[in-house]
1. Determine the dipole magnitude for the chain: charges of +1 sit on the beta-carbon of Lys and Arg, -1 on that of Asp and Glu, nothing else is charged, the reference point is the Cα centre, and the result goes in debye to the nearest 20.
2. Provide the FRET efficiency to the nearest 0.05 for the Phe215-Ala14 pair, computing r from the beta carbons and using R0 = 41 Å.
3. Is segment 146-247 best put as rounded, prolate or oblate by its Cα gyration tensor, with a ≥ b ≥ c the root eigenvalues, rounded for a/c under 1.5, and otherwise prolate when a/b is larger than b/c, oblate when not?
4. Here are labelled values, [x] 60, 41, 34; [y] 53, 47, 42; [z] 57, 38, 37, and one is the computed Cα extents along the principal axes in Å for what I pasted. Which one?
5. Let me know the charge dipole size of segment 77-133 about its Cα centre in debye, to the nearest 20, where only the beta-carbon of Lys, Arg (+1) and Asp, Glu (-1) is charged.
6. Mind giving me the FRET efficiency for Arg88 and Arg45? R0 is 25 Å, r the Cβ-Cβ distance, nearest 0.05 is fine.
7. Accessible area per residue for segment 37-85 in Å², computed with a 1.4 Å probe and the full protein assembly in place, what is it?
8. So how many Lys-Lys pairs in segment 1-95 land under 27 Å Cα to Cα, not counting same-chain pairs under 8 apart?
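The values are calculated or read from the model by the stated rules, or taken from the named source; none is laboratory data. Predicted model only: the values in this text are computed from it and were never measured. Ideal geometry is used to build each Cβ from the backbone, glycine not excepted, and the neighbour counts take in all protein chains shown. In case anyone asks, the SASA skips ligands and DNA or RNA and just uses the protein heavy atoms, side chains included. Shrake-Rupley method; radii C 1.70, N 1.55, O 1.52, S 1.80 Å.
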Amino acid sequence: MLTKADIRLVRSLADKRARTDEGLFVAEGGKLIGELRASTLRIRRIYALDGIFAGEDVTTVSPKEMERLSLLKTPSDSLALVEIPRRRLDPAKLRRSLVLALDDVQNPGNLGTIVRLADWFGIRDIVCSENTADCFGPKAVQATMGAIARVRVHYTALESFLTRAAERGTPVYGTFLEGEDIYRAGLSAGGIVVMGSEGNGISSGTARCVTRRLFIPPYPGAAPTSESLNVAMATAVVAAEFRRRIR
């Protein structure tokens, strides 16, 4: 049976501080919850309309009650409380893989889409600056479409992390308007690819840590075009080109 305490807890998780204090995040929708259920993440409780899910961890609710619970504009058929995973950042392991680094990406939808892209291209770790949006916020979680279960997202002091990585010989790539054409540049199978924020790109401090500057050229080169690409779009182009090289 749904209680007022249940509703208060779920609604409070729209706020990052509450998510941190409770160690929980919200996921909504049968497909997303199904993916999380099949993963290593731990689901604390599922609230669902009749017939959607079964089990000891499921509380059946009415459509009206789901409206009171949901953090979405249009309530789904189910909602889960999921424990936030605690994942250790191992720099030595990251050196052997392709890793994304996000420098103050603010839009949770973009962040969630990037997590989904990472999953598609087999990138298992994303390292975020401390000012990047929270990947466990409702909008970001929904945008991952379940990829949050497979991609490890870490938050750290990004400049320090990149400086140490470069000192160990790890290539640190970044996208810039004055960079080398990504389709002509030599790319390694492993390394860190830095993507900047929506409004400002890669910050000056983080830029100093980049050892290889890349540019995504428009086509045709001389024609008038948009000022820049959305950060999620740019991430897709970059990840696809890195993966194409190792086929």
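1. The calculated dipole for the chain is roughly 700 debye.
2. The calculated FRET efficiency here is 0.60.
3. Verdict is rounded for segment 146-247.
4. [x]
5. Computed about the Cα centre, the dipole is about 380 debye.
6. 0.40
7. 58 Å²
8. Eligible lysine pairs with Cα atoms under 27 Å apart amount to 10.
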